[in-house]
Amino acid sequence: MTRRAAEVRLDALLRTACDVIVERGLANTRTADVAQAAGVSQALVFYHFATKERMLAQAFAYAAERDLARLDAVLRSAAGPLMKLKKILRLYAPTGRSKCWPMWIDGWAESLRTPELERVSRRLDLRRTEALGAVIADGVRDGVFDCDDPSGAAWRINGLIDGLAVQVAVHDRVISRRTFAQWVRLATARELGLRPEQLD
């Protein structure tokens, strides 16, 4: 297998592993499940990952990098702070482009026992919070937001998103996605001296 072919195959295996993990959960995903879903031998899965634990950790990191790439695209855009804020809120929400909330919930739980997953989870959480804090700080500097503590506001907003997203993802119909979005807009508006409708 050429190096390029190996890289393409590895990328395809990681994408498949993410799909299987979202469907089955980290604890219930086996290398055989990923091999079957990818249409390859289990030996090839072990060739790329060596162990099931390595496969799960690399798939989790792969999913995190995809989400961080979307976040970086928002941060690099020419949009102003308010538009970037709205895009980030949509991106972070379980109603946004990320379909990985079941994986993030599993990852947080497994991070209590698996150092490699904890490192990836922490990096994702810190990057998300730092990015939101930077956008808030830019908005304060430009006079768009009124906030004395952009970093603290970012942690509180992200904490609310994470907590409510768990409820939306795990407990069907306890909190609707519409209610989720309304509560996040309301809390964010209060943190930043905005009217909730400015975040629509």
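Numbers below:
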quantity	calculated
Test: residue in the stretch 94-111 that is at pLDDT 90 or above, part of a helix (DSSP H, G or I) and crowded, with 18+ Cβ neighbours inside 10 Å	no
Matching residues in the stretch 161-189 - criterion: being hydroxyl-bearing (Ser, Thr, Tyr) and surrounded by fewer than 18 Cβ atoms within 10 Å (Cβ to Cβ)	Ser176, Thr179
Candidate set from the stretch 129-160 (those that are more than 22 Å from Gly80 (Cβ to Cβ) and of a type in the set (A, V, I, L, M, F, W, C)); member that is surrounded by the most Cβ atoms within 10 Å (Cβ to Cβ)	Leu160
Condition met for Arg178 (within 21 Å of the chain's Cα centre (by Cα) and at pLDDT 95 or above)	no
Of the criteria (1) at pLDDT below 90; (2) among the β-branched types (Val, Ile, Thr); (3) within 15 Å of the chain's Cα centre (by Cα); (4) over 18 Å from Asp72 (Cα atoms), which one Ile157 fails	(1)
Test: residue in the stretch 75-83 that is of a type in the set (Gly, Ala, Ser), exposed (fewer than 15 other Cβ atoms within 10 Å of the Cβ) and not in a loop (DSSP other than H, G, I, E, B)	no
Residue within the stretch 62-71 that is assigned to a loop (DSSP other than H, G, I, E, B) and either of a type outside the set (Phe, Trp, Tyr) or modelled with pLDDT under 90 (or both) present	no
Looking only at the stretch 112-146, and only at residues there that are among the aliphatic types (A, V, I, L, M) and part of a loop (DSSP other than H, G, I, E, B), the one that is farthest from Arg185 (Cα to Cα)	Leu112
Residue match in the stretch 176-196 (condition: of a type in the set (S, T, N, Q) and under 16 Å from Ile136 (Cβ atoms))	yes
Identity of the residue in the stretch 1-29, in a loop (DSSP other than H, G, I, E, B) and over 24 Å from Glu110 (Cα atoms), that ends up modelled with the lowest pLDDT	Met1
Selection status of Trp183, under 18 Å from the mean Cα position of the chain (by Cα), over 24 Å from Asp19 (Cβ atoms) and either part of a helix (DSSP H, G or I) or among the acidic types (Asp, Glu) (or both)	no
Filter result for Asp125 (of a type in the set (Asp, Glu), within 10 Å of the chain's Cα centre (by Cα) and surrounded by 15 or more Cβ atoms within 10 Å (Cβ to Cβ))	yes
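The values are calculated or read from the model by the stated rules, or taken from the named source; none is laboratory data. What you are looking at is a predicted structure, and each value in this text was computed from that prediction instead of being measured. Methodologically, a virtual Cβ is constructed for each residue, glycine included, from the backbone with ideal geometry; neighbour enumeration extends over all protein chains shown.
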